[in-house]
Ligand code: GLU
């Protein structure tokens, strides 16, 4: 029998807060109940915002909370070659293209189109979709711009990817926190447009690294916050085009601040380190988040 594998996958770009504590402890509880494995993965591909100090803080806070995990911990920044290989494959299969428009060019393009009376589509986070301009650039022009060192990002050609997969996409979502029942969710990657899958200098993006790692690490249960529910559509499409196994998902409720808003990594008052310094115990933290 294969063991169920859970993972907690924080990014060391800030301090952990009560929302992270909830996610980590829920993964721990579910892994234990299932007699499964719990992995910790450090998602540090953003080398400008992630720091060793924040990473050390994550280990400190999680140990203090009483979380245990399997060693070695996978640190994404140490595996760029894995992501590069997958990116090369997507490039060869013409499912990604270099997108050259800067943020201000995108803004101007969309403003111009909206002036002409067309409402520009937005993704589930409210960000305007990337205009399909670069998708039709001739290969020679792409090569010329890259050779001239023009900034670009690799974007997934969602229509081509959907056509390649050729089937309706869905994922299995657990319906409750005990993971006792599931339902099927239709994946709608088109809602996100041509998402970024890699940068010029970093051969991956969040979406690509997550699906590659979940597969490499045999993750079978992805338990994470509700804020990533819609992003699952993109990740499901990437799994399908890459032929990767599909985990089942549970997107848990978010812990909100006293103002009813989602906690952020810069709002230090709900940070675990700050709570600890103020004299809170791990049990106090558990109580605060309803464990
Ligand atoms: N690294 C992501 C975050 O900190 C979580 C990724 C995931 O759980 O899929 O928000």
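Values as computed for the structure displayed
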read-out: Residue 214 vs. criteria modelled with pLDDT of 95 or more, surrounded by 20 or more Cβ atoms within 10 Å (Cβ to Cβ) and in a loop (DSSP other than H, G, I, E, B); value: no
read-out: Residue check for residue 182: closer than 18 Å to residue 76 by Cα and in contact (Cβ under 8 Å) with a residue 12 or more places away in the chain; value: no
read-out: Residue that is touching a helix residue (DSSP H, G or I) at 6+ places or on another chain (Cβ under 6 Å) and farther than 23 Å from residue 15 by Cβ, where the choices are 219, 211, 223; value: 211
read-out: Residue within segment 34-49 that is assigned to a helix (DSSP H, G or I) and either in contact with a helix residue (DSSP H, G or I) (Cβ under 9 Å, 6 or more places away or on another chain) or more than 12 Å from the ligand (Cβ to nearest atom) (or both) present; value: no
read-out: Counted residues, segment 217-228 - those being outside any helix (DSSP H, G or I) and more than 11 Å from the ligand (Cβ to nearest atom); value: 4
read-out: Residues of segment 94-132 satisfying the condition of being surrounded by 14 or more Cβ atoms within 10 Å (Cβ to Cβ) and assigned to a helix (DSSP H, G or I); value: 106, 109, 110, 113
read-out: Boolean, residue 30 is more than 13 Å from the ligand (Cβ to nearest atom), modelled with pLDDT of 95 or more and either assigned to a loop (DSSP other than H, G, I, E, B) or over 22 Å from residue 252 (Cβ atoms) (or both); value: no
read-out: Test result for residue 173, assigned to a loop (DSSP other than H, G, I, E, B), under 19 Å from residue 36 (Cα atoms) and in contact (Cβ under 8 Å) with a residue 24 or more places away in the chain; value: no
read-out: Scan of segment 65-93 for residues that are outside any helix (DSSP H, G or I) and at negative phi, ordered by number; value: 67, 68, 69, 70, 71, 72, 73, 74, 75, 79, 93
read-out: Selected residue (criterion: nearest to residue 38 (Cα to Cα)) from residues of segment 1-20 that are away from the ligand (no atom under 13 Å from the Cβ) and not in a strand (DSSP E or B); value: 4
read-out: Condition met for residue 157 (surrounded by 15 or more Cβ atoms within 10 Å (Cβ to Cβ) and free of Cβ contacts under 8 Å to residues at least 60 places away in the same chain); value: no
read-out: Residue in segment 233-251 that is surrounded by the fewest Cβ atoms within 10 Å (Cβ to Cβ), counting only those that are touching a strand residue (DSSP E or B) at 6+ places or on another chain (Cβ under 6 Å) and touching a residue at least 60 places away in the same chain (Cβ under 8 Å); value: 248
read-out: Single match in 209, 240, 274, 267 (criterion: over 12 Å from the mean Cα position of the chain (by Cα) and at pLDDT 95 or above); value: 240
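A quick yes/no check of all residues on (1) assigned to a helix (DSSP H, G or I); (2) within 9 Å of the ligand (Cβ to nearest atom); (3) farther than 26 Å from residue 98 by Cα:
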| position | (1), (2), (3) |
| --- | --- |
| 208 | yes, no, no |
| 235 | yes, yes, no |
| 240 | yes, no, no |
| 250 | no, no, yes |
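Conditions tested, residue by residue: (1) on the phi < 0 side of the Ramachandran plot; (2) at pLDDT 95 or above.
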| position | (1), (2) |
| --- | --- |
| 95 | yes, yes |
| 111 | yes, no |
| 117 | no, no |
| 123 | yes, yes |
| 129 | yes, yes |
| 132 | yes, no |
| 140 | yes, yes |
| 144 | yes, yes |
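Quick grid of which residues meet (1) without any contact (Cβ under 8 Å) to a residue 40 or more places away in the chain; (2) surrounded by fewer than 21 Cβ atoms within 10 Å (Cβ to Cβ); (3) in contact with a strand residue (DSSP E or B) (Cβ under 6 Å, 6 or more places away or on another chain):
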| position | (1), (2), (3) |
| --- | --- |
| 4 | no, yes, yes |
| 11 | yes, yes, no |
| 35 | yes, yes, no |
| 50 | yes, yes, no |
| 59 | yes, yes, no |
| 75 | yes, yes, yes |
| 82 | no, yes, no |
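The values are calculated or read from the model by the stated rules, or taken from the named source; none is laboratory data. For clarity, every value in this text was computed on a predicted model and none was experimentally measured. For neighbour counting, all protein chains shown are included, and Cβ atoms are generated from backbone atoms with ideal geometry for every residue, glycine included.
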